[in-house]
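Enquirer: There's a structure below that I have some questions on.
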Amino acid sequence: MSSYPNPPFTHSPYDGSSRPFTVGLKPFEEAVFLEPDLSLGAYLSEKERLFSQDLDTVFRVEAGTEAAQAEVLDLVTGNLERFHGGTYRFGSGTVEIPSAGRVVRLSEGPALLTASQLVQEDLIIMRPGPEGYRLVAASLCFPSSWSLDEKFGQSMHGIHENVPGFNGARMGQTVARLFDNLKPEQLVGRFNWSVYPDGNLHHPRPKQIRPEISNGGLARLFLRVERQTLRRLPGSGDILFTIKVHHDPLAALEVHEDRARLAAGLRQQLVELDTDQLAYKGLVSTRDALVKALEGLSVAAQ
């Protein structure tokens, strides 16, 4: 089971509310731009461990991004002060996070790194250029099978090179138009889901799922949901991309009150994945066993 205290299945895009391998952007309210929850302290502790262990692995910025980083820090602190005053206490140049036992000084270090030390989200800055938007600054502690080593400095085309249906298809063109037309006052978001063999937050390498699914059980698998937001920074014109990871133990689905609907929705989306999509999600050899287990769960709950 997960060591994080959040109730599982807060977000369930696999229930039919979203479709995998589509853009699926929807307007988000400013009040839910950031999502501090009961796991805030644990996430921030893991970020601190990663920053101290090998900063270049999880944090990189190009020269010339300082103003955009400062915009991100102002945006994050402004939102937290306005909507999450019960979780954060603002002082003179400091932010206290009582539940996490932390005090963050706002004037120390790169602004993007400071912003990342306040929130559970990963923070990524994309800058327009001749080849489209390019990754120029990032705090990426909790990647889902990708890394800054591989993707830093690349365009959207390069970042999504291995995503089925993105490049050379309608999805990539749609994203490019959305980026070009996004206004500073707009906040949009979407969800991704994947299946992982554990509840670790830091997953920079590709994975192949080989679950132990026996007797209808879902063993130690986790549903990893990414809650993503996009918005344009009004000063620099860059785009801020945030990613908040939720990882829910599939074992918890067996006792969830809405297990029949959730299991049926996830089963249906797994059935509809094509060969390339299954390979991207690391589920080629185990999709059928997972589908069978979910089918049994949805039937048993009725």
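The values are calculated or read from the model by the stated rules, or taken from the named source; none is laboratory data. Here the structure is a predicted model, which is why all the values come from computation and not from measurement. For neighbour counting, all protein chains shown are included, and Cβ atoms are generated from backbone atoms with ideal geometry for every residue, glycine included.
Enquirer: Answer with yes or no whether Leu270 is crowded, with 16+ Cβ neighbours inside 10 Å, part of a helix (DSSP H, G or I) and at pLDDT 90 or above.
Expert: When the stated conditions are applied, Leu270 passes them.
Enquirer: Residues that are farther than 30 Å from Leu273 by Cβ, modelled with pLDDT of 95 or more and polar (S, T, N, Q): find the helices (runs of 4 or more DSSP H) completely inside the stretch 20-109 holding 3 or more of those.
Expert: 40-53, 66-83
Enquirer: Filter the stretch 141-159 for residues that are in contact (Cβ under 8 Å) with a residue 12 or more places away in the chain and assigned to a helix (DSSP H, G or I); which is surrounded by the fewest Cβ atoms within 10 Å (Cβ to Cβ)?
Expert: Ranking the candidates gives Asp149 first.
Enquirer: Which condition from (1) in contact with a helix residue (DSSP H, G or I) (Cβ under 6 Å, 6 or more places away or on another chain); (2) without any contact (Cβ under 8 Å) to a residue 24 or more places away in the chain is the one that Ala70 breaks?
Expert: (2)
Enquirer: Something else: Take the stretch 1-16 and flag every residue that is part of a loop (DSSP other than H, G, I, E, B) and touching a residue at least 12 places away in the same chain (Cβ under 8 Å).
Expert: Once the filter is applied, which keeps residues that are part of a loop (DSSP other than H, G, I, E, B) and touching a residue at least 12 places away in the same chain (Cβ under 8 Å), the stretch 1-16 yields Met1, Ser2, Ser3, Tyr4, Pro5, Asn6, Pro8, Phe9, Thr10, His11, Ser12, Gly16.
Enquirer: From Ala115, Ala138, grab the single residue that is modelled with pLDDT of 95 or more, in a helix (DSSP H, G or I) and among the small types (Gly, Ala, Ser).
Expert: Just one listed residue meets the conditions, Ala115.
Enquirer: Still on this structure, I have one more. What do you reckon, is Gly41 of a type outside the set (A, V, I, L, M, F, W, C) and more than 14 Å from Gln120 (Cβ to Cβ)?
Expert: no
Enquirer: Would you say Tyr196 is farther than 23 Å from Gln69 by Cβ and not polar (S, T, N, Q)?
Expert: Answer is yes for this residue.
Enquirer: Can you run down the residue pairs with Cβ atoms below 6 Å, 6 or more apart or on separate chains, where the first is in the stretch 123-140 and more than 9 Å from Ser155 (Cβ to Cβ) and the partner is at pLDDT below 95 and in a loop (DSSP other than H, G, I, E, B)?
Expert: none
Enquirer: Can we say Glu81 is charged (D, E, K, R) and over 30 Å from Arg205 (Cβ atoms)?
Expert: yes
Enquirer: Could you tell me which of the residues Asn162, Asn200 is part of a loop (DSSP other than H, G, I, E, B), at pLDDT 90 or above and not acidic (Asp, Glu)?
Expert: Residue meeting the stated conditions: Asn200.
Enquirer: Across the stretch 208-222, which residue is modelled with the lowest pLDDT among those that are surrounded by 17 or more Cβ atoms within 10 Å (Cβ to Cβ) and assigned to a loop (DSSP other than H, G, I, E, B)?
Expert: Filtering first and then ranking leaves Pro211.
Enquirer: Next question. With respect to Ala63, is the statement that it is more than 21 Å from Leu201 (Cβ to Cβ), touching a residue at least 40 places away in the same chain (Cβ under 8 Å), surrounded by fewer than 19 Cβ atoms within 10 Å (Cβ to Cβ) and over 18 Å from the mean Cα position of the chain (by Cα) true?
Expert: So Ala63 fails the test.
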